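Colleague: Handing you a structure now.
The values are calculated or read from the model by the stated rules, or taken from the named source; none is laboratory data. Predicted model, so just to flag it, every value in this text is computed and none were measured. So basically every Cβ, Gly included, is an ideal-geometry build from the backbone, and we count neighbours across all protein chains shown.
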Amino acid sequence: MSIDTNSSKPCSSLWEKMNWTPSEKQLEQFIHLQAIIKYWNKKTNLTRLIEGQDYWVGQIFDSLWPLNQELNNPYKSFLCVDVGSGCGFPGLAVAIGLPKSKIVLIDSSRKKTDALDKISKEIGLSSRIEIHTKRAESIGQDSYFRGTFDIAMARAVAPAPVVSEYLIPLLKKNGEALLYKGLWNEVNQQSLNEALIPLEAKIKQVNSTQLPENRGTRNLIRLVPKGPCPEKYPRSIGIPTKRPLGND
């Protein structure tokens, strides 16, 4: 395997804006991750955000900024799941940023999960990363996953009501679901609030940030359970997308 090691360095404002600085080892892992994704991107077309600051801002910063509190508590262990992981973000960045935590990556594409398996081994994180080729609806009904995670996250997967149906069933009693969003307004929030009623969950917090280098606004919606998620959720494959909760 021929890996191009001439990867870029992050812009100077990246860690300052995040209020967190990676260790030397973590920075090396981020740089190595960029190089190995570049290699696999030529074979599998994982992502377009891989060169220069597209990678550092669009992948690393955008994955990690919602986890500032967790990043600054590096000795605490979390069990996390990244649903619809795609090219591996936010999950791979979280695995590097939270060195005591275990990350489960879920994607329905075998090509992508095969690449993620090789990437996680190449960067030396396979002991803390578990990868499954499954649909989001399936994992929520699987006793191995359901009610298991401290943190369930999804980025660029589906509208918030759909993603909430995927993530809420995966949470422990005190777990949190993280919805990564670009556009977010009162209409979006109302739609999500209505979808959360049958899921027995609520919005805990909505945070916003401006990406470095004037690359736009990002929003993070934290969801928490109010009680046990009813067993019928998530519904069968395809139903959450066709008939989102709260739209009745």
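Colleague: Suppose we filter G124, G58, G88 for residues that are more than 22 Å from P169 (Cβ to Cβ), of a type in the set (G, A, S), touching a residue at least 12 places away in the same chain (Cβ under 8 Å) and out of contact with any helix residue (DSSP H, G or I) (no Cβ under 9 Å at 6 or more places or on another chain); which single one remains?
Modeller: Sole residue among the options that is more than 22 Å from P169 (Cβ to Cβ), of a type in the set (G, A, S), touching a residue at least 12 places away in the same chain (Cβ under 8 Å) and out of contact with any helix residue (DSSP H, G or I) (no Cβ under 9 Å at 6 or more places or on another chain): G58.
Colleague: Consider I197 against the criteria (1) outside any loop (DSSP other than H, G, I, E, B); (2) under 14 Å from the mean Cα position of the chain (by Cα); (3) of a type in the set (A, V, I, L, M): it satisfies all of them except one. Which criterion is unmet?
Modeller: (2)
Colleague: Restricting to the stretch 28-49, name every residue that is under 15 Å from T113 (Cα atoms) and not in a helix (DSSP H, G or I).
Modeller: N45, L46, T47
Colleague: Another one. Among the residues of the stretch 193-220, write down those that are touching a Phe, Trp or Tyr at 6+ places or on another chain (Cβ under 9 Å), among the aliphatic types (A, V, I, L, M) and more than 24 Å from K134 (Cα to Cα).
Modeller: V206, L211, L220
Colleague: Still on this structure, I have one more. Given the options I197, I237, I221, name the one that is crowded, with 17+ Cβ neighbours inside 10 Å and within 21 Å of A136 (Cβ to Cβ).
Modeller: Residue meeting the stated conditions: I221.
Colleague: In this structure, does W40 turn out to be surrounded by 15 or more Cβ atoms within 10 Å (Cβ to Cβ) and either under 11 Å from A93 (Cβ atoms) or at pLDDT 90 or above (or both)?
Modeller: Criteria not met by W40.
Colleague: Quick one: which of A154, A160 is under 27 Å from Q29 (Cβ atoms) and touching a Leu at 6+ places or on another chain (Cβ under 8 Å)?
Modeller: A154
Colleague: Here's another thing I want to ask about it. Looking at the stretch 85-96 only, could you name the residues that are in contact with a Ser or Thr (Cβ under 8 Å, 6 or more places away or on another chain) and in a helix (DSSP H, G or I)?
Modeller: Selection gives G91, L92, A93, V94, A95.
Colleague: What do you reckon, is S126 under 27 Å from K76 (Cβ atoms) and in contact with a Phe, Trp or Tyr (Cβ under 7 Å, 6 or more places away or on another chain)?
Modeller: no
Colleague: Quick check on S127: is it out of contact with any Ser or Thr (no Cβ under 8 Å at 6 or more places or on another chain), among the hydroxyl-bearing types (S, T, Y) and within 20 Å of K181 (Cβ to Cβ)?
Modeller: No, not satisfied.
Colleague: Right, something else. Quick one: which residue in I37, I123 is among the hydrophobic types (A, V, I, L, M, F, W, C) and within 29 Å of P159 (Cβ to Cβ)?
Modeller: Going through I37, I123 in turn, the sole match is I37.
Colleague: In the stretch 161-194, which residues are part of a helix (DSSP H, G or I), of a type in the set (G, A, S) and crowded, with 23+ Cβ neighbours inside 10 Å?
Modeller: Within the stretch 161-194, just S164 meets the criteria.
Colleague: Then there's this: Of the residues L211, L171, L192, which is touching a helix residue (DSSP H, G or I) at 6+ places or on another chain (Cβ under 7 Å) and modelled with pLDDT of 95 or more?
Modeller: Of L211, L171, L192, the one residue that is touching a helix residue (DSSP H, G or I) at 6+ places or on another chain (Cβ under 7 Å) and modelled with pLDDT of 95 or more is L192.
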